[in-house]
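Peer 1: Below you'll find the structure I mean.
Derivation of every value follows stated rules applied to the coordinates shown; laboratory data play no part. All of these numbers come straight from a predicted model, not from anything done at the bench. Ideal geometry is used to build each Cβ from the backbone, glycine not excepted, and the neighbour counts take in all protein chains shown.
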Amino acid sequence: MESLANRKATAYHHLYGLKAWQDARHVQLAHQPLCERCLRDEIVTEARVVNHRIKHQGDWALFIDPENHESVCAEHHDSLIRREEARGYVIGSDIDGRPLAPDHPWNRG
Ligand SMILES: [Zn+2]
């Protein structure tokens, strides 16, 4: 479904390229390197993605607020996205950031 929300998501996608976001993302992952949702189930998984607890929809304050950031693993992030898409709008988060671990497959070759 091509929704207005999806087009809006593309419109604010550039926010993820900003240094302010890259910095905030690194701070969040340094502060909480483990997936917070896995931890709730007492599973220890390295976080790969910083997710927005509240969808920012391009709202800068929500986008950059550390209180609105949570560390999640790629699997949890993907399931969050699928759930949001099932509701017809996209979640305010990204998978653009490269993993911190240099030996992660994403960082090889
Ligand atoms: Zn997880």
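Peer 1: Classify the range 8-51 from the C-alpha gyration tensor, please: rounded if a/c falls under 1.5, else prolate or oblate depending on whether a/b exceeds b/c.
Peer 2: Because a/c hits 1.5 or more and a/b fails to exceed b/c, the range 8-51 counts as oblate.
Peer 1: While we're looking at this one, here's another question. By count of other Cβ within 10 Å, fewest leading, how are 14, 76 ordered?
Peer 2: Fewest-to-most Cβ neighbours within 10 Å comes out as 14, 76.
Peer 1: Between residue 65 and residue 31, what length comes free when the chain is fully extended (0.36 nm per residue of separation minus the Cα-Cα distance, one decimal in nm)?
Peer 2: Roughly 10.8 nm would be gained on extension.
Peer 1: Okay, next question. Specify whether the C-alpha gyration tensor of the range 39-88 places it in the rounded, prolate or oblate class, a ≥ b ≥ c being the square roots of the eigenvalues: rounded for a/c under 1.5, otherwise prolate if a/b is larger than b/c and oblate if not.
Peer 2: Cα axes put the range 39-88 in the oblate bin.
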